[in-house]
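Notes follow the structure.
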Amino acid sequence: TTWKDKSTNAVTPTRSGSTTGLVYAGPMTGVLWNATSYLTLPTGTLPNGNSSFTYFFVVKSPNQNNTRLVNIGTTNQVGTQLGLHYRGSDMNFFQPDLTTTVPPANQINIIRISYNSTTRKRIISLNAATGATDTLASSLNLPTTSQIIGANTGGGEVINGNLYEVL
């Protein structure tokens with residue numbers, strides 16, 4: 001209830017999961033997760049259909065295994081969702097699976113995920129340097145429901161760390 005969308009969309013996510021564990025701790029620490037709460041966005045907030053998009057996440061995470069930075073989709077089946085998954089040893093960008101080196105633990109990192117519907121190119125980048133790319137993959141056909149920051153559709157794999165910005 002404390003995190004606000006400053007874009008022209010003016011979207012306000014709702015806090016889901018535990019009633020505690022997600023706090024806004026000021027401009028230096030952003031939104032602090034403790035692996036119990038996550039943010040649920042209104043349906044249609046994130047791109048859907050075969051829309052092009054680019055997102056930048058500024059985060060600091062201890063890099064624990066199996067946490068989800070963002071998830072779009074109604075199930076947790078890979079192939080029916082779009083997601084960015086911290087797996088401890090790497091990151092995974094669903095549809096299709098892309099991996100790159102793991103962000104350093106407890107350091108601020110900029111993570112970029114993007115998709116171009118014209119070139120059918122998907123990219124995941126870490127701090128604008130390390131990246132993985134898939135070109136000419138099938139269209140995303142993203143759903144509009146179950147749009148979550150900080151967890152998967154079922155409320156599992158909750159991020160533990162700080163979220164500073166989503167652009």
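The values are calculated or read from the model by the stated rules, or taken from the named source; none is laboratory data. Quantities reported herein were computed from a predicted structural model and do not represent experimental measurements. Ideal geometry is used to build each Cβ from the backbone, glycine not excepted, and the neighbour counts take in all protein chains shown. The protein model used for the area step is the full one, side chains on, heavy atoms only, and it has no ligands, DNA or RNA in it. Shrake-Rupley method; radii C 1.70, N 1.55, O 1.52, S 1.80 Å.
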| query | With all protein chains present, how much of the accessible area of the chain (probe radius 1.4 Å) comes from carbon and sulfur, to the nearest whole percent? | reply | 52
| remark: If R0 = 30 Å, then residue 50 and residue 24, at their Cβ-Cβ distance, give a FRET efficiency to the nearest 0.05 of 0.30
| task | Output the Cα-based Rg and Dmax of the chain in Å, rounding Rg to one decimal and Dmax to a whole number. | result | 14.7, 43
| remark: For the range 81-164, the per residue accessible area (1.4 Å probe, Å²) is 39
| Paramagnetic label zone (point 7 Å from Cα along Cα-to-C-beta, residue 135; backbone N under 11 Å) in the range 100-123 | 119-122
| request: Can you grab the distance from the C-alpha centre of the range 1-55 to the C-alpha centre of the range 122-167, Å, no decimals? | output: 13
| request: Taking only protein heavy atoms into account and a 1.4 Å probe, give the accessible area per residue of the range 1-42 in Å². | output: 61
| With a Cα-only, solvent-free Debye model of the range 79-130, what are the log10 I(q)/I(0) values at q = 0.22 Å⁻¹? | -0.82
| field | Length-normalised contact order for the chain - Cα pairs under 8 Å, 6+ apart - percent | value | 31
| task | Among 129, 100, 154, flag the residue with its Cα farthest along the positive direction of the charge dipole of the chain, charges on Cβ as +1 for Lys/Arg and -1 for Asp/Glu. | result | 129
| query | For the range 1-90, what's the relative contact order in percent, using C-alpha pairs closer than 8 Å and at least 6 residues apart? | reply | 18
| said: On a full-extension model of 0.36 nm per residue, what is the gain between residue 106 and residue 87, subtracting their alpha-carbon distance, rounded to one decimal in nm? | reply: 5.3 nm
